[in-house]
Amino acid sequence: GTHHAYADHGAGFCVFNDAAIAARLMQAERRAARVAIVDLDVHQGNGTASILARDDSVFTLSLHGENNYPFEKEQSDLDVALPDGIGDADYLATLQGALATLQQRFAPQLLIYLAGADPHEGDRLGKMKLSMAGLAARDETVFAYAREHKIPVAVTMAGGYGRDIEQTVAVHLQTIRLAGLHAARWSAR
Ligand SMILES: [Zn+2]
């Protein structure tokens, strides 16, 4: 989930933009024509937005803190700027709306999901107040959307700067566990 890397320079702890590269590779290998990058790290996916700005075959969606890094934002296909201190209920309602818009405007054939741990309430940089249960519901919301529309999902870790590092690890582990459940349900269809 190295979403701050640009085409010609790194930024914000990111050297190469893995999501943008993966999207283009999947297209080159003819596995998916229309790819959506769903970026739920707290920070805007500015590098991703910049790299794919003139590419109508990749839809960039970023939910991020309005008052957080990067302070000069790029334009994604859909940007949702969120206030400091947002909690589970408002976040989840906003995410539902954003995914509905994504489906309506683009109907992707592949999702690349950046599952940042930094929206967690214990994060030093995130400024959001999502609980562990809220983050589980976030992941489930993405997976349920993908299942409903039969869209394969690739999941990446992203940012996480917990005051307690164990908590950041727990958020990422939770995402991996839920992705495993989603994969099992997917193959059982
Ligand atoms: Zn981040």
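Where a number appears in this text, it was derived from the coordinates with a stated rule and is not lab data. Predicted model only: the values in this text are computed from it and were never measured. When we count neighbours, we look across all protein chains shown, and the Cβ atoms used for this are built from the backbone with ideal geometry, even at glycine.
Once the gyration tensor of the Cα atoms in the chain is diagonalised, the equivalent ellipsoid follows with semi-axes of 23, 20, 15 Å, ordered largest first.
If the chain linking His9 and Arg54 were pulled fully straight, counting 0.36 nm for each residue of separation and taking away their Cα-Cα distance, it would gain 14.4 nm.
Among beta bridges identified by DSSP and lying wholly in segment 18-187, the antiparallel ones come to about 5 percent. Taking every full run of DSSP H in the chain, the ones that stretch at least 30 Å from end to end by Cα along their long axis and average -1.0 or higher on the Kyte-Doolittle scale are 165-187.
Partners of Lys127 within straight-line reach, counting aspartates and glutamates whose Cα lies under 17 Å from its Cα and excluding those fewer than 8 residues away in the same chain: Asp39, Asp41, Glu66, Asp84, Asp88, Asp90, Asp118, Asp164. The chymotrypsin sites (Phe, Trp or Tyr not before Pro) found in segment 68-112 that occupy coil by DSSP, while having at most 14 further C-beta atoms within 10 Å, are Phe71. Largest mean-square fluctuation among Arg124, Arg54, Arg138, in a Gaussian network model of the chain whose springs join Cα atoms under 10 Å apart, belongs to Arg54.
Largest GNM mean-square fluctuation across Ile112, Ile37, Ile51, computed for the chain with C-alpha springs under 10 Å, falls on Ile51.
Highest GNM mean-square fluctuation among Arg163, Arg24, Arg34, for the chain modelled with Cα contacts below 10 Å: Arg163. Helix content alone sets the calculated 222 nm mean residue ellipticity of the chain: runs of n ≥ 4 DSSP H residues at -39500 (n - 2.57) each, divided across all residues, give -13000 deg cm²/dmol.
For the chain, the relative contact order is 20 percent, taking Cα pairs closer than 8 Å that sit 6 or more residues apart in sequence and dividing their mean separation by the residue count. Each Lys and Arg contributes +1 and each Asp and Glu -1, all at the Cβ; summed about the Cα centre of the chain, the dipole is approximately 760 debye.
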